[in-house]
1. Looking at segment 360-410, which trypsin sites (Lys or Arg not before Pro) are DSSP coil and have at most 16 other C-beta atoms within 10 Å of their C-beta?
2. Using the per-residue mean of other Cβ atoms lying within 10 Å as a proxy for protection, in what order, highest first, do the peptides 805-814, 111-120 fall?
3. Given the C-alpha centroids of segment 548-603 and segment 392-417, what is the distance between them in whole angstrom?
4. Between D783 and R443, what's the calculated FRET efficiency when r is the beta-carbon distance and R0 is 45 Å? Round to 0.05.
5. What spacing in nm lies between the two simple spin-label points modelled at I759 and F576, each 7 Å away from Cα in the Cβ direction?
6. Excluding residues on the same chain fewer than 8 positions from K167, give the lysines whose Cα lies under 16 Å from its Cα.
7. First select every other residue whose beta carbon is under 15 angstrom from the beta carbon of S361; then total the charges, Lys and Arg +1, Asp and Glu -1.
8. Would you kindly state how much longer the chain becomes between R808 and E213 on full extension, computed as 0.36 nm times their sequence separation minus their alpha carbon distance, in nm to one decimal?
Amino acid sequence: MHFLVSQHSQSPNLVLAHSLMEIAMSRLEKEFFMILSSNLYQLDPESVSGHSSISSYSEFEYVMQSDDEMEKASESIAEVEKASALVMSDLKVIAETMISCGYGKECIKSYKMIRKSIVDEGLHLLGIQKCKISLFNRTDWSVLEPMIKNWIKAAKIGVTTLFRGEKLLCDHVFSASTTIRDSCFYEIANEAGLNLFSLPELVSNKEKKKLPERIFKLMDLYAAISDLRPDIELIFHFDSVAPVKTLAISSLKKFKNSIHTCLTEFELKIKKDSSKALTPGGGIHKLTRTTMSFISSLSEYSRVLAEILAEHAIKRNTRLLESYFTAPILEDEHINHHATSVHIAWLILVLLCKLDIKAESYKDVSLSYLFLVNNIRLVVDTVRSTHHLRNLLGDDWLTKHEAKLRSYTTNYENVAWAKVYQTVPARTSTTLSPDQAKTHFKRFHVAFEEAYMKQSSCVILDAKLRDEFKVSIARKLVPEYKEFYQKYLPMLREEINIEMLLDPESVSGHSSISSYSEFEYVMQSDDEMEKASESIAEVEKASALVMSDLKNWIKAAKIGVTTLFRGEKLLCDHVFSASTTIRDSCFYEIANEAGLNLFSLPELVSNKEKKKLPERIFKLMDLYAAISDLRPDIELIFHFDSVAPVKTLAISSLKKFKNSIHTCLTEFELKIKKDSSKALTPGGGIHKLTRTTMSFISSLSEYSRVLAEILAEHAIKRNTRLLESYFTAPILEDEHINHHATSVHIAWLILVLLCKLDIKAESYKDVSLSYLFLVNNIRLVVDTVRSTHHLRNLLGDDWLTKHEAKLRSYTTNYENVAWAKVYQTVPARTSTTLSPDQAKTHFKRFHVAFEEAYMKQSSCVILDAKLRDEFKVSIARKLVPEYKEFYQKYLPMLREEINIEMLSIV
């Protein structure tokens, strides 16, 4: 044709040639379109990008598939890449031919339309959607966090696979014309690229005030974009698509500033902490826990921090920091960790300075040292156990702070036990008189008791540290005191009122009482008994005279009655068997005052408060059970008139405890009924009332014997008809105890709670949330009963079966209400074929309903993992089959619809 124009411009063959050219180009255009549309699988971005040394591992497909499916798919990847190379070659030949013949416009029209729909659909499948700024700014961070997590995964696939694959395909097919190649890629990828990087930009602009706890999501986004930056600059390098690259790099810079601001705000938060409440017993302060948790997480982002801190130095006291810390040299060619190490060390130094100030608030100097010991121990342990943190700070930092910890530990011990150390009788060659020895004993015991009572309220959370304290104190106390004890105790045995502890085991051995030294056991806790040496036992045996709490009294009462008083009674009866009058008189003089003293504590406890708080019921039941178990021995030992007041006092306490326990049970029931908290638990989660009530009831079930005795005598008023229709007590095989009353009362308390939860559920405006609230709370009730042995025995399997059925009913109601609109919009199966507009309307209607339900339910709380899975399966069964059939039938005809908003849930 070119020849005819140049040689015979008026030739009639020129018209024929032009006509033939148009026919040929038309056929090529159809062929080009057919190859593009029928080889979508061979031309997917993953297959195309495989030709540029990109891993054949299908990241794009990985989002959609499980690991097992990935293994099966890998076998066919090589074949797909080979097929895609042939298709790309055909497209290139057709494109070059049409462009050389002046038909480039017709060629690129179909290319742009098909490939743009592929890119847009790919982003949509990855969960990337357009965000309205006004809506985004109102979105809560709890909703944003999963969006950010998904975006990071999607961005990696979107850039390295989707856009890179399209760029490679475009460059290959239109290699004949740079202008056409750039124009095509701009039409296909520019809008999608801006859409992809709109979320980081919106996040970076979301709030002016940067809260420290949000730094981690900002660093995740920064790291993701930073890793993708080389690919972004390579793919979007020419002018028409440069705005995508500019947007990504702009977000990166803004994230740098935001992260820097968060670091500064976090430091200020530590410095400005104004909480004046002292942690009881010198325990670990909340500031220490939160700060070290934050710093531990921060250390995992050392690369990001290194980049940011290298450009944005944070102002600090340089001289103080240099004297405190020397950064270790880390073997990493690519990253200079010096700035990160220094900043982490500085944050910990700021924390330690704040802890020093807080320690000064304790009036007791020993507690201020213990506070520093506990808190610095947590700091050191966190650094030692966190790999990144230990690398950044180095072993020199650990050594220095462990030395400081030992110094504070020594100071605490010396201050706390100073008076006791001073009263340990010194070794001397002169022999003391009984009065002098007695004075030494008393002085030591007073100092020991004072220190013991004060330190019993202290907190030492580290078990190893507790053992070290015990050993250290024992080494300083035991040797000299033991020698003094063994030397002077014999001469004081005749002293009736000496305030010492004498072992009556040799006496009680005549009555088959266990030779195991229970008397010694009172002085030590269960764990301590296994570890304590004989010398420590001697000190405690001789000096721990005052029981510090009710738990100790219970142990002491058992030993006091069954060993001490019983032993004395047996001895008295044996020695003075010839005269009943003398025998009774002697035992009265020996035991009456001591017995009244022993049972004075239960009496005082039973009279302590008129108002019986429910949470104190467990100590009352412990005391009741202890005295009840000892009652036969008490009645046997203190049976005659002169010592009868001891028996009367013990039995009187028993009766008062019964009344007090009964009152506590009534008060607890009223506490549930009168709960007036109106705050709704977010997302239909578990209410505080449910947790506290079930925890209380679970503990209550362990006292079934005590409750059986009390409830048998003191019936509690309740709606009998309602209870009988709700619960039938199981028959328990126990000859000695009738558990019926206990079972009925436990069931009644749970029924009161469930009625209260029904009322609270009505406060939710969203009906689905009210059902979810009941599901979560009843699930906790049922799980507590199932996992608590005593509770399950008392309520029986019928109770569990009934409540599990109720739980399933509420679960079904929640699902039906929450997803009702979505179920209604699932396109129904029909034999008639819909038009593209009708199909598009169906798709949109379904997607609007699905998005609305998804956004609403994403803020809901379903704590039980198994229940969450059951919901997913149930919803999928109702949605997927019909929607999948509709999707596969009508999607092909809608591929040319550029703006179709579809979501493949198949």
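1. The qualifying sites are K363.
2. Final packing ranking: 111-120, 805-814.
3. Value for the Cα centre distance between the two parts: 49 Å.
4. The formula returns an efficiency of 0.20 here.
5. 6.3
6. Result set, ordered by chain and number: K92, K112, K116, K156, K245.
7. +1
8. 210.4 nm
Rule-based calculations on the coordinates, nothing more; no lab input. Only a predicted model underlies this, so the values are computations on that prediction, with no experimental measurement involved. Every residue, glycine as well, gets a Cβ built from its backbone with ideal geometry; the counts of neighbours run over all protein chains shown.
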